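Beneath this line is the structure, given in structure tokens, with notes to follow.
The values are calculated or read from the model by the stated rules, or taken from the named source; none is laboratory data. As the structure is a prediction and not an experimental result, all values here were calculated from the model. Reconstructed Cβ throughout: ideal geometry from the backbone, glycine too, with neighbour counts over all protein chains shown. For the accessible areas, the whole protein counts, side chains as well, though only heavy atoms, and no ligand, DNA or RNA atoms are used. Shrake-Rupley method; radii C 1.70, N 1.55, O 1.52, S 1.80 Å.
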Amino acid sequence: MRKMWIDGAGVDSVSDTGQVIEVIDPATEEVLDTVPAGTPQDVERAVAAARVAFPTWQQITAVERANLLHQAAARMREHFDELVRLLTLEEGKPVPENEEEMDWSLNTLDYYAELGRHIRGSVVPSPDVGQLSLVLKEPYGVVGCIVPWNYPILLLMWKIAPALAAGNTVVVKPSSVTPLTTLRMVELAFDHLPPGVVNVVTGRGGAVGDALVVHPDVSVIAFTGSTGVGQRIARATAGRMKKLHLELGGKDPFVVADDAPLDAAVEAIAYAALINAGQVCTSTERVYVPRAMLGQFAETLAQRVSRLRLGPGIEPTTDVGPMAGESYRAKVEAHVADAVDRGARVLVGGRRPPGLARGFFYEPTVLTGVDHSMRIMREETFGPTIPIMGYDTFDEAIALANDTEYGLGACLYTHDARKVHRFYEQVQAGTIWINDPLTDNYAGPFGGMKMSGLGRELGLEGIEEFWQTKHVHWDIEGGIKDWWYPYREHV
Ligand code: NAP
């Protein structure tokens, strides 16, 4: 059994319940390892450690903090292959996708290490001469970071890198599906930080997550996960006015314009919809194609998808790995069944692969004949499905793209600058990708509009989330002001 990481050391649960969480390899359904099923008492201990560590971490110089974070990134590089292998086994996606996740994660750490030592605030013009107006950026204190399973290291790093660089300490609750790589990474790469700066408590969302969210000494909750749990966190924290950072679900559209080159658009959509078996918050979940191109486009895409190789992520030949668990696969099956019941046609996939008896596999699936009455076009599917719908005008395509309660990302394929302009001005989404879907940029902010969340990760915005602002007004010489009392001379 793995240990949690609290106050700079690997520890068992204080509660001594003996309860564990089994971590399953989604490609084989075998138990990889276990972690403690932590309790609110473990959260208490971790938050106390983070609270004690905060003044030290806040007060060390920004240069030293940056150096310590760069060292953590370097240690991740040293252990790159081990971490990638473990991530592949517990999360399921193919090795190249996990190499990319690890690479992005440690680069995010380096990026924020530099940004953190670059900014302390600003000086704004004062209302009068002889005065100084400082706008100071200060850390909040203890940040609770709650992360899902689909990119457990990347999404964690998007939180802890800026939070630590900004001078906060953190308590992390990894997903119960994927806690192993997080624990290993912290013991390998973060054990040189002062004890208590980084803590990891494993356990169920309803126990450990809840306790972290409502803890009075946790000032910020940085959460990535489903919109339902995000709403629950918002309700639970309202009474304490906690700072919330919520990265939630999506239902991203991909619009193919009438000038798009067929081959490139097909390849782009296959990648955007099927990377990580469609389990990306910004997965392409709805495709809109000009009606005149629809038949040929759908056939070409179905042929392309049928050539992808399904298998364990650890196998070098695999293009698409398993889904993360049975409940996630069951949701995909329900969405496909609902679409077929309402008249959709499955061109390829639409079933569990007959050749893979074990593992949570589902064949990459292309559907046509879909419309917005179907669950697969309205609810987050989070699986390897590509429903394609025709449109007549570009205005209609934009209206269809916006016809969702979500607003995380949106993709367009075109070389028509006028269409690009209309798309990014009119589509309500936090990220717009033109001709290069799902590419992240540490320097560019990421996050959702509408029900997809609050706040932004990455870029300058991503570190601003972990600072509170203080305005210092200083009259350097002092003296009695003529607008103080009395307003008029007494007679
Ligand atoms: P989830 O069920 O919402 O869980 C996310 C995290 O919240 C897990 O660590 C979970 O712990 C914890 N949790 C559950 N109940 C909680 C509670 N009452 N209080 C506090 N924490 C609680 O989501 P998921 O299935 O792991 O991930 C998939 C979802 O994440 C999708 O909706 C996807 O769109 C979204 N996502 C969004 C982004 C983005 O940037 N916008 C990125 C990736 C994923 P347990 O694992 O122990 O249940």
Just one of (1) more than 26 Å from Val336 (Cα to Cα); (2) within 15 Å of the ligand (Cβ to nearest atom); (3) in a strand (DSSP E or B) trips up Arg286, so point out which.
(1)
For Leu180, which of the numbered conditions (1) more than 10 Å from the ligand (Cβ to nearest atom); (2) over 22 Å from Tyr112 (Cα atoms); (3) open to solvent by less than 30 Å² (accessible area, probe 1.4 Å); (4) out of contact with any helix residue (DSSP H, G or I) (no Cβ under 8 Å at 6 or more places or on another chain) fails to hold?
(4)
Criterion first (within 27 Å of His245 (Cβ to Cβ), touching a helix residue (DSSP H, G or I) at 6+ places or on another chain (Cβ under 9 Å), open to solvent by 70 Å² or more (accessible area, probe 1.4 Å) and not β-branched (Val, Ile, Thr)) does Asn402 satisfy it?
no
For the range 4-38, what are the residues that are farther than 29 Å from Ile314 by Cα, open to solvent by less than 20 Å² (accessible area, probe 1.4 Å) and touching a Ser or Thr at 6+ places or on another chain (Cβ under 7 Å)?
Gly38
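Within the range 447-463, is there a residue that is at pLDDT below 95 and within 16 Å of the ligand (Cβ to nearest atom)?
Going through the range 447-463, the residues at pLDDT below 95 turn out to be none.
No, every residue in the range 447-463 fails to be at pLDDT below 95 and within 16 Å of the ligand (Cβ to nearest atom).
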Across (1) within 16 Å of the ligand (Cβ to nearest atom); (2) modelled with pLDDT of 95 or more, Arg240 clears everything bar (2)
Do you know which residues across the range 250-284 are open to solvent by 10 Å² or more (accessible area, probe 1.4 Å) and of a type in the set (D, E, K, R)?
Asp258, Asp259, Asp263, Glu267
Quick check on the range 411-427. Is at least one of its residues touching a strand residue (DSSP E or B) at 6+ places or on another chain (Cβ under 8 Å), within 14 Å of the ligand (Cβ to nearest atom), at negative phi and among the hydroxyl-bearing types (Ser, Thr, Tyr)?
no
Which of the residues spanning the range 464-491 are open to solvent by less than 100 Å² (accessible area, probe 1.4 Å), among the hydrophobic types (A, V, I, L, M, F, W, C) and in a loop (DSSP other than H, G, I, E, B)?
Phe466, Ile476
Here the residues within the range 423-463 that are of a type outside the set (D, E, K, R), out of contact with any Lys or Arg (no Cβ under 9 Å at 6 or more places or on another chain) and in a helix (DSSP H, G or I) are Phe423, Tyr424, Gln426, Gly459, Leu460
Under 6 Å between Cβ atoms, at least 6 apart or on separate chains: pull out the pairs that start in the range 144-156 with a residue that is more than 6 Å from the ligand (Cβ to nearest atom) and end on any residue that is assigned to a strand (DSSP E or B) and of a type in the set (Gly, Ala, Ser).
Cys145/Ala222
Failed criterion for Asp110 (all others in (1) under 30 Å from Pro316 (Cα atoms); (2) open to solvent by 60 Å² or more (accessible area, probe 1.4 Å) hold)
(2)
What's the number of the only condition in (1) touching a residue at least 60 places away in the same chain (Cβ under 8 Å); (2) of a type in the set (D, E, K, R); (3) surrounded by 19 or more Cβ atoms within 10 Å (Cβ to Cβ); (4) within 24 Å of Arg307 (Cα to Cα) that Arg329 fails to meet?
(1)
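Condition check ((1) part of a helix (DSSP H, G or I); (2) within 16 Å of the ligand (Cβ to nearest atom); (3) basic (Lys, Arg); (4) farther than 25 Å from Val370 by Cβ) across all residues:
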{"position": "Ile233", "(1), (2), (3), (4)": "yes, yes, no, yes"}
{"position": "Ile269", "(1), (2), (3), (4)": "yes, no, no, no"}
{"position": "Thr282", "(1), (2), (3), (4)": "no, yes, no, no"}
{"position": "Leu294", "(1), (2), (3), (4)": "yes, no, no, no"}
{"position": "Glu299", "(1), (2), (3), (4)": "yes, no, no, no"}
{"position": "Arg304", "(1), (2), (3), (4)": "yes, no, yes, no"}
{"position": "Thr317", "(1), (2), (3), (4)": "no, no, no, yes"}
Within the range 184-215, count every residue that is open to solvent by 10 Å² or more (accessible area, probe 1.4 Å), farther than 26 Å from Phe446 by Cβ and within 16 Å of the ligand (Cβ to nearest atom).
7
